[in-house]
1. Which order do A:M206, B:M112 fall in if you start with the one that has the fewest other Cβ atoms within 10 Å?
2. So if we plug the beta-carbon distance of A:R240 and A:E357 into 1/(1 + (r/R0)^6) with R0 = 60 Å, what FRET efficiency do we get, rounded to 0.05?
3. Counting only C-alpha contacts under 8 Å and six or more residues apart, can you give the relative contact order of chain A as a whole percent?
4. Taking the alpha-carbon set of segment B:4-249, what are its Rg and Dmax in Å?
5. Nearest 20 debye, what's the magnitude of the dipole of chain B about its Cα centre given +1 on Lys and Arg Cβ and -1 on Asp and Glu Cβ?
6. If you take the square roots of the eigenvalues of the alpha-carbon gyration tensor of segment A:1-68 and sort them as a ≥ b ≥ c, do you get rounded (a/c under 1.5), prolate (a/b over b/c) or oblate?
7. Name the most mobile residue of A:V173, A:V157, A:V300, meaning the one with the largest mean-square fluctuation, in a Gaussian network model of chain A with Cα contacts below 10 Å.
8. Could you grab the relative contact order for chain B? Cα pairs under 8 Å, six or more apart, rounded to a whole percent.
Amino acid sequence: MKKLLSVLPLLAVVIGIHFLTSATDTMYYLTQMTMSAYYALLIIGLCVLMGYAGQISLGHAGFFAIGGYLSAALTTRNLIPFQDTALVGLLDSAGMLLSGQDLYGEALLVVSPWAASLVAVSAAAVIAVIIGIPVLKLKGHYLAMATLGFGIIIYRVVLALEYFGEADGISEVPAFVLFSGLSVSGNFSDRVQNYYIAWGLLLLGMVLLLNLIDSRVGRALRGIHGSDEAADAMGVNTSRFKLQTFVLSAVFAAIAGVFLTHYNGGIGPSEAGVMKSVRYVAIVAVGGMAHLWGALLMGVVLNFLSLRGVFGSYDDAVFGLILIVIMLFAPNGILSLNLRHRLKRYLRQRKEDREGEA
Amino acid sequence: MALLEINSLSKRFGGLLAVNDVSFQVEPGQIKAVIGPNGAGKTTLFNMISGTFPATSGTVTFQGRELKRQKPFQVAGLGMARTFQNIKMFSGMTALENVMLGRHVQSSAGFMSSMFRMPWTWKEERDIRDKSLELLALLEIEEHAHTDAESLAFGQQRAVELARALALEPTLLLLDEPAAGLNIYETAEVGRLITKIRDLGITVLLVEHDMSLVMDISDEIVVLCFGEKIAEDTPTHIQRDPEVIKIYLGEE
């Protein structure tokens, strides 16, 4: 309940931004705010893994891509040629297929977005388990390198397979109808409702993770971060908890991938790129590692600026620079600098100096 | 029946026989100490009992059940809690949160029920908090409940560590050099707390360097030297044992 209340101010800000943009005729900002919310969803999941459980992942763009690409491919690739196979028949009888016509009036049979997204997110979870079991035995740099390797594999796979559109990615991804009248799509007329869908999802994710951190599981995770050995002696099954957190954060990334792909109407290989994973790690670091609110704030702000093109063609370089600067000057995140406190102290000091002179 | 039975336990690290054919028993309700000079194999013995690494040969039987290849977290679940020589507080957590983490094996909320705050977790969470505050009070550090555990004085951290271990509701408590790094006042204080714990009915097995502490509180003492058991007796007899004196004070 307390956690629900703590996100209410943010909800007010979200509604406030809507009215502000509508009053100043700048509603186009809502598009980037929607996309930023989805990226932030991935980032808060990664924050729990990195900041609380203390396990780094340089492969989270891979999980995002698994969600986005599978959902995109399943909802666009025509199943008509396979119409007579047992699997397609089974999917059809389960009500998981949609039929229609493509641009040229040809018959089209695809997996429905609901079913596709379930498959996509489940696949990400299963892959996270398979990767996580061996990889989470590693620590520090070794874990970073292993997850980096995983990210590179996913990137090369989507580039190599025709099914995933190779270098072009997948476009023409249909809208994801959540309920009748509420759909995830890039249609101009759906802009406001999509803004609220994205932020609703982000706030829901935030409440769930805040709950998790302040619970038996959350304490166990923070314990693992503090001392693996001592947590073990407290009866915490450390490898299982690490794995579960890894899977949880992969699921958050995959859900973000699914929604953003349906919103954008497509996905390209850059979403699976290693630089994306580095960017996510940088944002979690700027937010303060073990700081969910910091991660959410930085996730929204930095992605928004990046999507607005503020960093121009130096986009990736800016995130690299941010990572270096943060590690050097504020390893506990921007919020740890306590700028207001410092400013106050500085002003007080200046006042005292002046009085001393007089 | 003995609570813990160590039966011809040995550990070989390459060419070094760190623990050689050691056997002894710990009876319920007693404080038993293992002493010995540096490198005698005390901590190695401890690590084998708590499951940190397996023995080369020999057996450990706890509550009539032989421990085979159990991981430390499983051993903890069976009712054997331990502390560490170099106190391992969980950083970034308050003293209370440290103790609450000790309630892990006595509670069961998982990822899903924690994220969705299922109603049945509310009571569990409240019980965890109440029990932990009780334990902090028992160890006389309740006023520091909300202080960051790592910022406490060493002696206070020791008390938090004891409270954290007690939170598991163990039948056997393993203490690895509880007086390490403490001054004589703090050592006496920890000794008093350990007897208080024993009086709750919890059996204590400790490894220690500090003779004054061991002689004051132990019911029985095992002396190790170069991995071998050379004596096992009550403190008064150990103090008069010529071989023990020879090891500790050197030959004349």
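1. Details: A:M206 21, B:M112 13.
Listed from fewest to most nearby Cβ atoms, that is B:M112, A:M206.
2. Numbers: r = 64 Å, r/R0 = 1.07.
Result of the calculation: an efficiency of 0.40.
3. Values: 539 pairs, mean separation 110.5, N = 358.
Rounded, it is 31 percent for chain A.
4. Calculated on Cα positions, Rg and Dmax stand at 18.7, 65 Å.
5. Working: 24 positive and 34 negative charges, 220 e Å.
In debye, rounded to 20, chain B gives about 1060.
6. Working: a/c = 3.68, a/b = 1.53, b/c = 2.40.
Note, shape of segment A:1-68 comes out oblate.
7. A:V157
8. On the way: 462 pairs, mean separation 70.6, N = 252.
Across chain B, relative contact order equals 28 percent.
Coordinate-derived values only; no laboratory data. Quantities reported herein were computed from a predicted structural model and do not represent experimental measurements. Here the Cβ is made from the backbone with ideal geometry for all residues, glycine too, and neighbour counts use every protein chain on show.
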